[in-house]
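Reading through the structure tokens given below for one structure.
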Ligand SMILES: [Zn+2]
């Protein structure tokens, strides 16, 4: 299978995304508001700096040149950030890719504080040291008002993807396996018309040809929370995007084919898998040592699955084309 054209050639709209080191704990909400106010009102004239959206914990900036000004503004105030470059792709480019790494457009993010959300992870599945690889199970609880104006597909700020009942019905019409729909309910345990997508199968590691994704430490944070570095036990956590190039996740075609065959899934059919790599830090409360956030895998789906998920929505997507290559060539 031939490799695809480089993602940057296909991207229809590129932006800088600056993740501010806020949004992991409700304690920060007052500072978040101040920061949001500052970014919108400050004398650097944020319109001139090309900020197009601030949906905490992210600021979206028109291009890298403007991003420099915003990063300088943040640095001058001692605010930590992690900058990446993002792009939107045309639907046809994603449908012609080998796979699609799902991201959800910012207007479909549900920003939640810790008190708005309760997620259960089966920690027996994850690393006993850092928790990476733990899977969602039983249910997700969310404050109903956070989600009631949405439909279709949304992402929680914990990077968990939810689909509504209608989207699930579209998927259920096709015969496919390998995804658990984890029920979503409110805090009175009333079921809501939403389900979290939990893939049952894990992809192999990405190949060395992968670009735009790195392993490392990145922003330390100054909010009293401990962000753990790469885990010596499982090696899965602390993957990040970089600001230097667009992500091009790359997999060995024969390894993928073998895995899908073992799971009885057709390579050209419907599939939704989770990456071996987990993105972000394990974050602990420095006082109690309890984990407040786990590194999450990304979801990689087949083009057909992507098409069904977004059948009614959006013309341009922040999702990333995935490449399968022949590593033995
Ligand atoms: Zn670990």
Task: Separation of alpha-carbon centers, the range 116-177 and the range 255-305, rounded to whole Å - done: 12
Open item on the list: Quick check: pseudo-label points 7 Å beyond the Cα along Cα→Cβ at residue 143 and residue 123, how many nm apart are they?
Closed with: 2.6
Task: Dimensionless Rg over Rh [the range 209-280; C-alpha; Kirkwood] - done: 1.08
TODO: Take 277, 68 and order them by how many other Cβ atoms sit within 10 Å, fewest up front.
DONE: 68, 277
Task: Potential extension, residue 255-residue 328 segment - 0.36 nm per residue separation minus Cα distance - done: 25.2 nm
Open item on the list: Using only alpha-carbon positions, what ratio does the radius of gyration of the range 88-325 give when scaled by 2.2 N^0.38 Å?
Closed with: 0.99
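Determine, for 82, 281, 201, the number of other Cβ atoms within 10 Å of each Cβ, and report the residues in order from fewest to most.
The order, fewest Cβ neighbours first, is 201, 82, 281.
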Task: Computed lengthening from residue 188 to residue 175, 0.36 nm per intervening residue step minus Cα-Cα distance - done: 1.4 nm
Open item on the list: Tell me whether the range 101-188 comes out rounded, prolate or oblate; compute the Cα gyration tensor, take square roots of the eigenvalues as a ≥ b ≥ c, and use a/c under 1.5 as the rounded threshold.
Closed with: oblate
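No value in this document is a laboratory result; all are computed from the given coordinates. Since this is a predicted model, take the numbers as computed values, not measurements. Don't worry about glycine lacking a Cβ; one is built from the backbone with ideal geometry, like all the others, and counts go over all protein chains shown.
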